[in-house]
Structures are given as structure tokens and as C-alpha cells.
Amino acid sequence: MRLLLPLPLVLPLAAAGLSLALHGHRLAQRAVSLVTITSVVVISAVLLARVEQDGPTAVDVGAWGAPVGITLVLDLFAAMMLLVSAAMVLVVLVYAIGSPRTSDQARYFHPVYLVLAAGVSGSFLTGDLFNLFVAFEIMLTASYVLITLGGSHAQVRSGMTYVVISLVASMLFLTGVAFVYAATGTVNLAHLAGRVAELPDGIRLALALLFLVVFGIKAAIFPLFFWLPDAYPTAPTPVTAIFAGLLTKVGVYAIFRTQTLVFPGTRISTVLLVVACTTMLVGVLGAIAQNDVKRILSFHIVSQIGYMILGLGFFTVAGVAGAIFYIVHHIVVKTTLFLVGGLVEHHAGTGALDRVGGLVRHAPVLAPLFLLPALSLAGLPPFSGFVAKLALVQAGLADEHYVAVGISLLVSILTLFSMTKIWGAVFWGEAEDPVHDPDEKRPLPRLMVAPTVALVLVSLAIAGGAGPVWRLSERAAAGLLDARPYVEAVLG
Amino acid sequence: MIVLAVLAGVLYTAGVYLLLQRTLTRIIVGLVLLGYGANVLLLMAGGPGGVAPIGRPPFPEGVSDPLPQALALTAIVITFGVTAFLLALAYRSWLLTRDDEVEDDVEDRRIARLADLGRDEDQDLVAGLDDDPEITEEFTP
């Protein structure tokens with residue numbers, strides 16, 4: 001267990017080095033990536049099973065004791081995130097290998113992609129604030145390279161915005177770390193849980209708000225979301241899909257971790273509720289105005305982040321558990337939708353709604369692949385989105401947050417509307433000005449379709465196995481709201 | 001201490017001012033200054049300086065706190081790497097556009113234009129879009 005814990009972080013980093021050395025040998029690089037990520041998935045599954053039995057576990061890397069040294073901690077929430085994210089990284093990797101557009105740039109794609117995987121695992125595993133910053137930087141630096149890989153004009157333009165915004169957030173993060181250290185003399189999260197509680201209310205609230213802003217930029221909550229719909233769509237599909245599924249959710253994870261462990265009981269939950277509602281509304285309204293598959297889906301990420309923050313804003317076990325279930329469902333469904341969006345672009349040559357049409361006839365396999373996750377995203381029964389939204393709505397009603405619940409239901413309808421807009425334009429009718437001749441046979445690469453099908457099945461499995469996943473989420477939420485086992489695991 | 005506090009303040013002010021400019025080089029310099037400011041702040045977080053901390057904690061009185069220095073060192077390395085990448089990106093941008101200005105999002109302008117067209121119903125929507133050379137240029141693959 002103690003030996004396994006650092007592996008999801010260490011393995012991909014080591015493999016990235018190997019992959020860089022192998023540059024030019026495409027098959028070897030692919031093999032290295034596949035073997036590494038598959039083993040990370042297996043290790044994450046083992047870790048989740050162990051943590052589920054034994055509770056939170058901590059490891060001091062380099063044998064320096066807890067408040068000073070580098071601590072890796074895994075509790076149930078982190079373990080769930082680790083497993084889901086590793087699975088997404090694997091599926092998208094297969095899709096990327098099958099996709100003709102990225103395989104051209106594969107020489108640098110594989111090492112950078114592995115570094116990204118290491119950064120994501122590191123963010124979930126780390127037990128102190130400064131190493132969270134380092135893991136974020138590892139992940140973000142890899143994402144800067146991935147988003148501009150190819151170096152086209154559009155990519156450089158939107159990549160620039162993305163890099164600058166992320167860097168500003170990183171500098172604020174560093175400033176926050178300095179303030180926290182000046183106020184408490186520690187950056188270890190478990191240690192902070194006790195020390196921050198002793199601070200005066202005002203300072204605690206200020207620090208909590210500073211970190212909400214920092215992680216809010218990364219998680220793309222209102223009003224800090226504007227960079228996301230601009231930056232994501234220009235990258236190659238596999239890159240956009242992994243960003244959409246994971247990067248913002250790492251920000252959400254950091255918000256959950258800091259607000260529950262370090263700053264519980266500040267008067268911030270009202271702010272969270274207001275932010276959550278505006279995020280949901282603005283995101284979905286933005287999506288309705290758009291006219292390109294990937295951009296619509298990008299705005300939906302923003303809208304969905306609102307639901308997760310909403311669950312945290314309730315600050316009850318039921319609310320946080322609903323949010324955790326929502327995160328798991330969202331990561332799978334959103335990644336699937338972007339992969340399908342990529343298949344549409346591959347088939348039609350563009351993602352602009354007015355230039356695509358009639359895919360029900362030309363590529364019938366895509367129709368169910370899009371429809372199932374799209375309905376799940378809107379929250380129709382019997383899909384996983386329905387279970388997640390039902391949990392959030394029930395938690396909200398139990399706590400008498402009627403306005404927030406009403407807004408979340410309204411946003412669901414608007415989500416359904418904008419999904420039907422994609423459906424109507426892409427799958428029905430006929431394109432006015434198609435890029436390719438619609439009758440021409442354009443086979444879809446099997447390695448791109450297979451992972452997409454697998455993800456659709458996973459999202460159906462989440463709906464089918466909603467009971468066990470929900471019980472797991474509930475225990476993870478209880479672990480977040482009662483920090484004692486976490487603190488004991490770290491400080492002994 | 002006060003000197004350091006003022007220095008951090010000046011660095012942050014200058015950094016934010018430069019960030020709000022519209023040319024890329026100034027934005028990058030602004031980010032670098034912000035990074036310096038954060039590092040000075042980190043050093044200050046460790047309290048007043050003292051004797052070099054060699055050995056294992058707990059340290060006697062009059063020894064400076066080694067942890068913030070380690071944090072600042074890591075942060076410097078990270079900022080350095082990312083700045084190098086940003087400069088490379090800015091150079092690429094200059095190669096592509098021969099211009100140092102930050103550009104607008106094309107799709108945003110298109111959507112804003114659609115909203116304007118909605119108000120003026122006489123104009124043909126599609127023809128209106130085709131009139132804008134910058135926009136159509138971006139959309140022919």
C-alpha cells in the first residue's frame with residue numbers, strides 16, 4: 001500500500017522521460033504510454049479498494065516527517081478521482097493513437113501527455129498546499145504544450161490567453177501560499193486544518209476567498225470562466241477531451257479539498273451558492289448562443305461546474321455526496337461528448353453546425369454515441385446524469401434552498417434544448433454547404449470509435465450501478481466533512 | 001522587513017499594471033514581476049533572517065526558517081521554465097502575425113455580430129457575415 005501510493009505520480013513521470021528518449025520510434029512510444037497508463041489504472045483501482053477498507057492513508061516521501069516533508073495522502077474522494085481520471089487518460093490515449101490528426105505530431109504528444117497524467121495524479125495525491133501548486137504547474141505546463149501543439153495561428157492565439165490566465169492564477173496561488181505560511185507557519189493541509197481554525201475570523205475568510213478565486217480560475221466558475229470556451233476548442237480533439245474531462249475538475253477537487261479541510265465553517269457557503277447558480281445559468285446561456293459543436297460543449301463544461309459547486313455550497317453530506325457523484329458522472333460523459341464531437345469533425349470536416357447535417361444516414365454509428373451521453377448530460381432518466389441531479393435536488397430541498405434548486409432544474413431544460421440543437425443540426429437534415437461530398441464514403445477509424453463506445457458503456461454502467469457508486473460518494477463526502485481521520489492519517 | 005514589504009508591493013503594482021496592457025511582451029514582463037513579488041512575499045513569510053539553518057529541526061533561536069526558502073527556490077524554477085515557454089509562444093505568435101498585439105476571439109466577434117444583426121432585420125444574415133473579410137477568412141478550411 002505504502003509502496004503503491006506514489007506510483008500514479010512517479011510512473012508517468014518516469015515513462016515521460018523514457019518516451020522522450022524514444023522520440024522518433026512511434027510504436028515504442030505508444031507501447032510505453034499504453035503500458036504505463038494501464039498500470040496506473042490498475043494501481044488506482046487497487047488503491048481505491050484498499051482505501052475503501054482501511055480509510056485515509058498517508059506516506060512521507062523522502063522520510064521527512066509530516067508537517068515539514070512532502071506528504072502524499074489518499075482518502076476516499078481522492079482515490080475515486082484518481083481512478084476515474086486514470087481511466088479517462090487511458091481511453092483518450094487510445095483515441096489519440098487512432099486519430100490521424102494527432103499521430104502526425106506524436107513525437108512530442110506522448111511524453112507531454114504522460115507528464116499531464118502525472119500532474120493530474122499528483123494534484124489528487126498531494127497532502128500539502130505547496131505541492132498542490134507544484135502538481136498544478138506540472139499539469140498546466142503540459143497542458144500549455146498540448147494546447148499549442150501544432151502551432152497554428154488559431155492555436156497560438158487562444159493558447160496565449162490560456163497560458164496568461166493560468167499563470168496569473170498560479171501567481172495568485174503562490175501569493176496565497178505565502179500568506180498562509182506567514183499566518184500559520186505550515187503548508188501541510190492536515191496541519192493547516194488545526195492551525196487555520198485558530199486564526200481570527202476575518203483572516204480566515206480572506207484566505208478562503210483568495211483560494212476560491214485561485215481555484216475558481218482553474219475550475220472556470222463564474223465570473224472567472226471566460227478563458228475556457230476560447231481556449232479548449234482549437235486544440236486537437238483528444239487534447240480537448242482530456243482537458244474537458246479532467247483539468248477543470250482538478251480545480252473543483254482543489255476547491256472541495258481546501259474549503260472542507262482547511263476552511264470549514266467560514267461564511268463562504270452563501271457565496272458558493274450564488275456563484276454556483278450564476279455559473280450554471282451563464283454557462284448554459286453561452287452554449288445556446290454558440291454555433292460550433294466543440295464550443296457548445298465547452299460552454300456546457302462551465303454550466304456543469306456550477307452543479308458541482310452547488311453541492312459543495314449546501315455543505316451537507318447529502319449535498320457533497322451529490323456533487324461527488326456528479327463529478328464522476330460528468331468526467332465520463334463530458335469526455336465522451338468531446339470524443340463524439342471529434343468523430344463528427346473527422347467525418348464532416350468541420351464542427352460548425354450549419355455545415356454538418358444528415359449524419360443519421362451518413363454515419364449512423366455516431367447517432368446513439370452522441371444521443372446517450374447528451375441525454376445523460378441533460379439529466380434524463382435512466383441515465384447517470386439523472387441520478388446525479390436527483391441527488392443534488394433532494395439535498396437542496398432537504399436544506400430548503402428552493403431558489404438554487406429551481407435554477408438547477410431550469411438549467412437542465414436549457415441543457416436539453418442546446419443538446420437537441422446539436423442533434424437537429426448535425427444528425428438530421430442536410431448540410432447547406434458541406435466540406436466533403438456527403439455521399440462519399442468516409443470510414444471512421446476503428447481505434448477512434450472503440451474508446452468512444454467504451455466510454456458510453458461506462459456511463460451506462462454508472463447509471464446501472466448507481467447504488468454502489470452513490471454509497472461510495474456518500475462515504476467520501478462524510479470523509480470530507482469530518483476531517484479527523486484524514487488529519488490522524490497524516491499527523492499520526 | 002518594511003523594505004521587503006514595500007518591494008513586494010511595488011513589484012505587484014507594476015506587474016498588474018503591465019498585465020493590463022495590450023501587447024504581449026508587456027504582459028510577459030508583468031507576469032515575471034508578479035512572480036518576483038510572490039517570491040519576495042514567500043521569503044517574508046519565514047520571518048526575519050538569521051543564521052543559516054544547517055542540521056535537523058528543531059532549530060535554536062536566531063536561525064532563519066528554511067522552508068520558505070525551499071518553497072521560493074522551487075517557485076523560481078517553475079516561473080523560469082514557464083516564462084521561457086511563454087516567450088517561445090510569443091515569438092511564434094509574432095512570426096505568424098508580425099504583430100505583438102493580443103487578438104480578439106474570432107468566434108466571439110462572430111456571435112456578437114449575429115446579435116447585432118438580429119436587431120437590424122433588413123440585413124441578410126449570411127451576407128452580412130460574408131462582408132467581414134477577417135471573419136470569413138478564418139472559416140475557409
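Brief remarks on what is shown
- Take each residue of peptide A:174-184, count the partner chain Cβ atoms within 10 Å of its Cβ, and average: the result is 6.
- A cut-off of 5 Å between modelled amide H atoms, ignoring neighbours fewer than 5 places along the same chain, links residue A:292 with A:353.
- Cross-link table A:218/A:421; A:334/A:389; A:218/A:389, entries beyond 19 Å C-alpha to C-alpha: A:218/A:421; A:218/A:389
- The range A:389-461 shape via C-alpha gyration tensor axes, a/c threshold 1.5: oblate
- Less than 5 angstrom separates the built amide H of residue A:70 from those of A:61, A:64, all sequence-distant by 5 or more or on a different chain.
- Residue-averaged 222 nm ellipticity for the protein assembly as shown, from DSSP H runs of 4+ at -39500 (n - 2.57), nearest 500: -24500 deg cm²/dmol
- P(r) weight above 32 Å for chain A, C-alpha pairs, percent: 36
- Across the range A:341-403, the convex hull enclosing all Cα atoms gives 109 Å³ per residue.
- Rounded, prolate or oblate (a/c below 1.5 giving rounded, otherwise prolate when a/b exceeds b/c) for the range A:162-304 by Cα gyration tensor: prolate
- Rounded to the nearest whole Hz, the Karplus-based 3J(HN,Hα) values (6.51 cos²θ - 1.76 cosθ + 1.60, θ = phi - 60°) of the range B:4-17 follow the sequence 5, 4, 5, 4, 4, x, 4, 4, 5, 4, 4, x, 5, 4, with x at glycine and proline.
Where a number appears in this text, it was derived from the coordinates with a stated rule and is not lab data. Computed from a predicted structure; not experimentally measured. Counting neighbours? That spans all protein chains shown, and the Cβs are built from the backbone with ideal geometry, glycine included.
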